Amino acid sequence: MLMEETKVIRRPLKEVWAVVSDTNRLNRYIGLFPVDFSPFISSAERLVRKAKGKAYGLLTFEWEENVFEWVEESYYSIERNYTRGPVERVVWKVALEETENMDTRLTLAGSFEYSSLIGKLTVKNGVIPQLRKTFDYASTAVVLVDGEPASQGSGAITVDERLLDDAESHLVDLGLGRNAVSSLIGTIRSASDEDVAHMKPYRWARQYGITRPEAVQLFLLASEEGILDYEWSLMCPNCRVAKEHTDRLAGVKNTVHCDLCGADYELDFDRYIEMTFRVNGTIRKTSKQLFCVNGPVNSPGTVAQFRIPAGGERNFSWTPGQPGLQLRVLKHNFKIPFAEQEDGAETALHITETGLSASVLHQNPMLTILNDTVTELVIAIEETDWDPDALTAREVTSLQLFRDLLPTEVLATGMQIGVGKMTILFTDLKDSTRLYEQVGDAAAYTDVQKHFTFLRMIISAHEGAIVKTIGDSVMAAFSSSADAMRAALAIQSSAEELNRTLVNPLTIKMGLHTGPVIAVNANGVLDYFGRTVNMAARVQQESEGWDIVLDESQFDELRTAVPHQLIETFTASLHGVGNSISLVRILPDSVADSAAVKEEEQFRKSVT
């Protein structure tokens, strides 16, 4: 049985693609039955998922579902081969085309093969009428400002209004913006199950016009209030899809397996571990039913995907309209980048068992891909940039609020995971030992504790966190080197104000260094170690007080963050570091012009 119907949808093509490519929401809306899916496996030299479900509560269907094929904002198609039930095979395609009036011509086309009269009646009277509802969904589904579909067709929503109202009041009382809090409460009350079961703070912030730091603060505090729960998603670095989830960092393993890529990957905090949120079950019950897991929206960053049979080829005329794309062969994970420019000639790419026939693809009017292997290949054309909406473990664990609210969120004992590039800031007090000896433990201790509070306030305000204190020293971490520098400048520029509140003025020495670190569980604290940490500690030892010291090569990247400061370049031999290195000493203008430095020198003489 064949079906092909076309209608013009009175809305832009981009919006129509946004709603119809989210096949899980679409299938739920049009009334298809929920499905249980297996991971991807190889079957008859093809990459498939095994799936099963029950239609109308009576007919059990089981099938092998091939990977979807699509070109973003153009079409997608899917093939199912049934192993149980009255239907044998289905091929379904949804195609979009822009009209002269900037509307969208939407075509639904399907081929249905069945083995019995029951199968024929099921397709004719059940499946096809449900699929036709795609036209209605494409016309009416609400699209948010970022092009994503809003909630629709998710059924009755029941929330505990008393608990939600109490939590809303508590969040406002904590000083959070009323607009941000109201937007989150509104999301919980009215958004679809999909939206509230997998919430990304950065994406949510973009949708509701709220700053990213404000959104992260809101979500963390909402978790503390019991409105939201959080989890850690362990991401495949190739297809960028979550492969495992864990409620605690202690459940994170060193590696994750991707069924689609057919490989194990070593995890790190920088990209492969993300923090996401979901509504707490006592606030709102959500359905965990799945209707589709293979559609285009489930492969973020993939703009096209094709199947090529063994020994076959695929010709397509498609010139990527954006930079930063690559072609990747799933399972084999061969990769080749697209060049930025066209060269006007046809391009042929051969794929063998051992690799690709070229090192770069030009953006040409016609591209031919030849499969010279004995198995079907799946080709993905994808963005190389990472998901900008990902709240990575690297970012969130370097926030003071995270460490304050979740002090027990640490890795398992003995686990070591790379974090990627972090900026480590060390501070120390100049002549603190002499201070204790001259003025006594009690007075010195009180002032040192006030100094810790002062550092914590400024570091937190600049998106950093105190990892630990070591005597009178502080080790802090930042995911942004610019934030670290701004925090360091703010500390030294405000130190004179701190000293006005103390019995005995203090002089703060500071040094920072940026580079990769390793995360570990150190006595129940999420700690960092490695060369970067050691360098930051050594660089801080070159500080004379009231200044900030760092590697000259790293200072060059931060010049815009330190305008109009007094800068001195010098060479030093650091303990444990082989050769002498060039360092930069920064003295904030407000410090250089202040009488505080002279007062500190006089104090030191008085206690000598």
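Go through the range 505-552 and count every residue that is assigned to a helix (DSSP H, G or I), within 14 Å of K421 (Cβ to Cβ) and polar (S, T, N, Q). Can you show your working first?
Initially, the range 505-552 is screened for residues assigned to a helix (DSSP H, G or I), giving 531-540, 552.
So of that shortlist, the ones also within 14 Å of K421 (Cβ to Cβ) come out as 531-533, 535-536.
Now narrow it down to the ones that are polar (S, T, N, Q): 532.
Residues meeting the conditions: 1.
Conditions first: (1) among the small types (G, A, S); (2) out of contact with any helix residue (DSSP H, G or I) (no Cβ under 6 Å at 6 or more places or on another chain); (3) under 22 Å from A465 (Cβ atoms). A561 passes all but one, so which condition is the exception?
Of everything listed in (1) among the small types (G, A, S); (2) out of contact with any helix residue (DSSP H, G or I) (no Cβ under 6 Å at 6 or more places or on another chain); (3) under 22 Å from A465 (Cβ atoms), A561 misses just condition (2).
Between E244, E168, E214, E225, which is touching a residue at least 40 places away in the same chain (Cβ under 8 Å), open to solvent by less than 70 Å² (accessible area, probe 1.4 Å) and not hydroxyl-bearing (S, T, Y)?
E225
Every residue in the range 34-74 that is among the hydrophobic types (A, V, I, L, M, F, W, C) and free of Cβ contacts under 8 Å to residues at least 40 places away in the same chain, please.
Hits for the range 34-74 are A44, V48, A51, L58, F61, W63.
Would a scan of the range 49-56 turn up a residue that is open to solvent by 20 Å² or more (accessible area, probe 1.4 Å), modelled with pLDDT of 95 or more and over 26 Å from G312 (Cα atoms)?
Yes.
If I ask for residues that are open to solvent by 20 Å² or more (accessible area, probe 1.4 Å), in contact (Cβ under 8 Å) with a residue 60 or more places away in the chain, over 18 Å from D431 (Cβ atoms) and out of contact with any Pro (no Cβ under 9 Å at 6 or more places or on another chain), which ones from the range 484-519 would you list?
Of everything in the range 484-519, those that are open to solvent by 20 Å² or more (accessible area, probe 1.4 Å), in contact (Cβ under 8 Å) with a residue 60 or more places away in the chain, over 18 Å from D431 (Cβ atoms) and out of contact with any Pro (no Cβ under 9 Å at 6 or more places or on another chain) turn out to be R486, T514, P516, I518.
Considering every residue within the range 390-413, establish whether at least one is over 25 Å from F219 (Cα atoms), open to solvent by less than 20 Å² (accessible area, probe 1.4 Å) and not in a helix (DSSP H, G or I).
no
Table: residues versus (1) open to solvent by less than 30 Å² (accessible area, probe 1.4 Å); (2) within 18 Å of D22 (Cα to Cα); (3) among the charged types (D, E, K, R).
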residue	(1), (2), (3)
V90	yes, no, no
T99	yes, no, no
T104	yes, yes, no
L117	no, no, no
F135	yes, yes, no
A138	yes, yes, no
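Tell me which residues, restricted to the range 104-134, are in contact with a strand residue (DSSP E or B) (Cβ under 8 Å, 6 or more places away or on another chain), modelled with pLDDT under 95 and either farther than 19 Å from G53 by Cβ or not in a helix (DSSP H, G or I) (or both).
Those that are in contact with a strand residue (DSSP E or B) (Cβ under 8 Å, 6 or more places away or on another chain), modelled with pLDDT under 95 and either farther than 19 Å from G53 by Cβ or not in a helix (DSSP H, G or I) (or both): Y114, S115, K120.
In the range 547-565, is there at least one residue being surrounded by 19 or more Cβ atoms within 10 Å (Cβ to Cβ), aromatic (F, W, Y) and at pLDDT below 95?
yes
May I ask you to verify whether I78 is closer than 27 Å to N315 by Cβ and out of contact with any Ser or Thr (no Cβ under 8 Å at 6 or more places or on another chain)?
Yes: the conditions hold for I78.
Looking at the range 539-587 only, could you name the residues that are over 35 Å from the mean Cα position of the chain (by Cα) and charged (D, E, K, R)?
If the condition is that a residue be over 35 Å from the mean Cα position of the chain (by Cα) and charged (D, E, K, R), then E542, E544, D547, E568, R585 are the ones that fit.
The values are calculated or read from the model by the stated rules, or taken from the named source; none is laboratory data. This one's a predicted model, so the numbers in the text were calculated from it and none came from an experiment. Positions of Cβ are backbone-derived with ideal geometry, glycine not excepted, and every protein chain shown enters the neighbour counts. Accessible surface is based on the protein model in full, side chains and every heavy atom, while ligands, DNA and RNA are left aside. Shrake-Rupley method; radii C 1.70, N 1.55, O 1.52, S 1.80 Å.
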